[in-house]
1. Just to check your reading of the model, which residue among Ser71, Ser93, Ser135 is small (Gly, Ala, Ser), at pLDDT 90 or above and touching a helix residue (DSSP H, G or I) at 6+ places or on another chain (Cβ under 9 Å)?
2. Which condition breaks for Asp122 when tested against (1) open to solvent by less than 30 Å² (accessible area, probe 1.4 Å); (2) under 17 Å from Ala173 (Cα atoms)?
3. Of (1) part of a strand (DSSP E or B); (2) touching a residue at least 24 places away in the same chain (Cβ under 8 Å), Asp148 satisfies all except one. Which?
4. Return the residues of segment 87-115 that are surrounded by 15 or more Cβ atoms within 10 Å (Cβ to Cβ) and part of a strand (DSSP E or B); say none if nothing qualifies.
5. Only one of (1) free of Cβ contacts under 8 Å to residues at least 40 places away in the same chain; (2) buried (at least 17 other Cβ atoms within 10 Å of the Cβ); (3) within 25 Å of His44 (Cβ to Cβ) fails for Trp129. Which number is that?
6. Only one residue in Asn84, Asn62 is crowded, with 16+ Cβ neighbours inside 10 Å and on the phi > 0 side of the Ramachandran plot, so which one is that?
7. Inside segment 93-126, can you point out the residues that are free of Cβ contacts under 8 Å to residues at least 24 places away in the same chain and among the acidic types (Asp, Glu)?
8. Would you mind stating whether Tyr143 is in contact with a Cys (Cβ under 6 Å, 6 or more places away or on another chain), outside any loop (DSSP other than H, G, I, E, B), open to solvent by less than 50 Å² (accessible area, probe 1.4 Å) and more than 25 Å from Pro162 (Cβ to Cβ)?
Amino acid sequence: MWLFVLGLLAAAETPVIDYADGAQREAWLRHPVYGDASFDSFEHHGGNPVVTGATPYEWPVNGSIFIDPRSGNWYLYVGRYCENYAFKDSTPSICTTYRSVDQGGHWEEVGPALAWEGHLFDGEVSPLWHAPDASVFYADGRYHMTFDWTTQNTTWANAADPPADANSGVGYAWADQ
């Protein structure tokens, strides 16, 4: 009861602050390891948006950019989801790769980031189905990619305690070129 009363008192005395407002930047998290918030220091590129949603992938989100040290090309990896992050048997969430040869001036769709259709990870009984988000970096002469994934039978309802034929995780892949 004591914690509940303190919560009510604190809520009554705390002003409502819109932390997304640039005027509130002094209230944003500052930390020597995490770094400073920098939402207000970026300028939107004139070519935006790079990708827009369209059926069946209404929600293109979670983009990551990679600048290839070998070619100088820029690559954008965009997670493409059905509306409301819906898991659909007919439409897996995917990661699509876009390339710019002029430092973001123009983007062209290259294709899926992963050729994973039907891939079965060791120890799994159901193949990989959704793999919407990827991040790439280059080190020691190799390209390294991390990505999230789920099997086709994974749903939001069973993700916390999946049946034997449903699972999810983070994957790693590498390539020499």
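1. Details: Ser71 fails: touching a helix residue (DSSP H, G or I) at 6+ places or on another chain (Cβ under 9 Å); Ser135 fails: touching a helix residue (DSSP H, G or I) at 6+ places or on another chain (Cβ under 9 Å).
Ser93 is the lone residue from the list that is small (Gly, Ala, Ser), at pLDDT 90 or above and touching a helix residue (DSSP H, G or I) at 6+ places or on another chain (Cβ under 9 Å).
2. Evaluating Asp122 over (1) open to solvent by less than 30 Å² (accessible area, probe 1.4 Å); (2) under 17 Å from Ala173 (Cα atoms) leaves (1) as the failure.
3. That leaves (2) as the condition not met.
4. Ile94, Cys95, Thr96, Thr97, Tyr98, Arg99, Ser100, Pro112
5. Result: Trp129 fails condition (3) only.
6. Values: Asn84 fails: crowded, with 16+ Cβ neighbours inside 10 Å.
Exactly one residue qualifies, and that residue is Asn62.
7. Asp102, Glu108, Glu109, Glu117, Asp122
8. Numbers: in contact with a Cys (Cβ under 6 Å, 6 or more places away or on another chain): no; outside any loop (DSSP other than H, G, I, E, B): yes; open to solvent by less than 50 Å² (accessible area, probe 1.4 Å): yes; more than 25 Å from Pro162 (Cβ to Cβ): yes.
So Tyr143 fails the test.
The values are calculated or read from the model by the stated rules, or taken from the named source; none is laboratory data. Computed from a predicted structure; not experimentally measured. Because the Cβ atoms are built from the backbone with ideal geometry, glycine has one as well, and the counts that use them run over all protein chains shown. Quick note on the areas: whole protein, heavy atoms, side chains included, nothing else; ligands and nucleic acids left out. Shrake-Rupley method; radii C 1.70, N 1.55, O 1.52, S 1.80 Å.
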